[in-house]
């Protein structure tokens with residue numbers, strides 16, 4: 001059985017090599033989480049650079065630390081009404097960047113599975129449309145932080 | 001017949017000129033506020049709610065303090081914490097003057113925001129912040145008083161839900177008079193500048 005799996009794995013290898021996976025040409029910087037008390041939903045922020053020559057499409061994210069990670073966008077409507085919407089996908093253009101930052105795109109993080117304190121690092125894996133993944137370390141920042149450091 | 005008519009015209013012209021002069025005088029008078037001046041356009045601060053220590057409080061308990069009224073909810077992971085973090089920076093920049101101010105975070109989600117949750121929440125941001133909650137009717141009355149709106153959005157599969165809400169910060173002076181309105185687009189410097197004027201020596205308490 002293990003040898004069959006190995007064969008299967010070897011069989012799949014060329015596909016990955018022929019088509020550079022989207023995650024392979026995306027780099028993440030300024031990844032941080034605004035930690036809120038009382039296990040309240042928190043937000044994750046990150047800047048994603050696409051160094052490749054084709055678009056990369058972020059479709060979801062997951063983490064062992066949070067039971068739920070969702071891609072959201074805050075927006076300001078008419079009359080100063082602030083609201084939040086789920087985002088199905090986020091396209092990062094070739095040689096472009098997308099910023100997940102306060103009051104815009106963010107990862108909504110819920111159902112935290114362990115106690116976190118500022119200074120901790122949390123791993124969140126970003127999932128791309130072609131099934132490739134990019135693991136990113138997010139720095140846990142205090143609730144009243146205003147920047148990634 | 002012609003003379004009175006001429007005189008009438010002269011009077012009109014004179015009035016017009018005086019009007020121009022007066023308006024010019026008004027323009028010369030420096031407008032000290034950098035935020036939107038809402039003096040006389042919004043009612044005085046008035047409420048009866050429960051604070052984050054579980055005590056019933058009214059606007060009278062904050063007389064003598066410059067208050068910053070903000071409507072939000074604790075299950076809001078992005079915009080509300082950003083506003084509260086920015087207000088914390090404003091308080092830090094005010095230094096000792098900040099002790100004359102209170103940030104009133106009024107929950108528009110009283111079903112989930114108990115005084116205990118609010119307490120942990122506001123203290124994570126700034127020592128000058130107070131969390132206020134109350135009955136849905138009392139909260140709604142307060143939002144309507146300041147023409148702020150909020151809407152509970154459709155629930156998600158896990159029973160959670162989001163709340164859309166007005167994002168302005170209403171500033172009241174120590175007498176509970178509505179003075180200024182800050183929007184999220186306003187630069188932090190404007191809030192610091194105007195609070196310096198409201199809190200500084202010589203300003204009426």
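Taken together, the values in this text are just the output of simple stated rules run on the coordinates, not laboratory data. The structure presented is a predicted model; accordingly, all values stated were derived computationally and were not measured. When we count neighbours, we look across all protein chains shown, and the Cβ atoms used for this are built from the backbone with ideal geometry, even at glycine.
Need one number: the % of Cα-Cα pairs in segment B:50-117 sitting beyond the 17 Å mark. Counting pairs separated by more than 17 Å, the tail of P(r) holds 49 percent.
For chain A, go through all pairs of different Cα atoms, get the mean of 1/r, take its inverse, and jot down that Kirkwood value in Å. Walk me through the numbers before you get to the answer.
Working: mean 1/r = 0.0602 Å⁻¹.
Every distinct Cα pair counted, the radius reaches 16.6 Å.
What the Cα convex hull of segment A:57-133 gives, in volume per residue, is 128 Å³.
Rounded, prolate or oblate: pick one for segment B:38-152, where a ≥ b ≥ c are the square roots of the eigenvalues of its C-alpha gyration tensor, a/c under 1.5 means rounded, and failing that, prolate if a/b is larger than b/c, else oblate. Rounded, because the longest to shortest axis ratio a/c is under 1.5.
Relative to the dominant Cα principal axis of chain A, helix A:2-18 is inclined by about 70°.
Could you list A:130, B:194 so that the one with the fewest beta carbons within 10 Å of its beta carbon is first and the one with the most is last?
Working: A:130 16, B:194 22.
Ordered by Cβ neighbours within 10 Å, fewest first: A:130, B:194.
Once you reduce segment B:125-199 and segment A:83-149 to the center of their Cα atoms, the two points are 27 Å from each other. Shielding value for A:31-41 is 5, the average number of Cβ atoms from other chains within 10 Å of each residue's Cβ.
Which of the peptides B:71-81, A:89-99, A:49-59 is most tightly packed, and how do the rest follow, going by the mean number of other Cβ atoms within 10 Å of each residue? Intermediate results must be reported in sequence, preceding the final value.
Details: B:71-81: 25.3, A:89-99: 14.0, A:49-59: 17.1.
My ranking of the peptides, most packed first, is B:71-81, A:49-59, A:89-99.
If neighbour count is taken as other Cβ atoms inside 10 Å, put B:93, A:34 in order from fewest to most. If you can, show how the numbers build up before the last one.
Working: B:93 15, A:34 25.
Going from sparsest to densest Cβ surroundings: B:93, A:34.
Counted by neighbouring Cβ atoms within 10 Å, the residues A:33, B:169 run from fewest to most as B:169, A:33. Both radii were evaluated on the Cα set of segment B:134-205; the Rg over Rh quotient, with Rh as the Kirkwood radius, amounts to 1.11.
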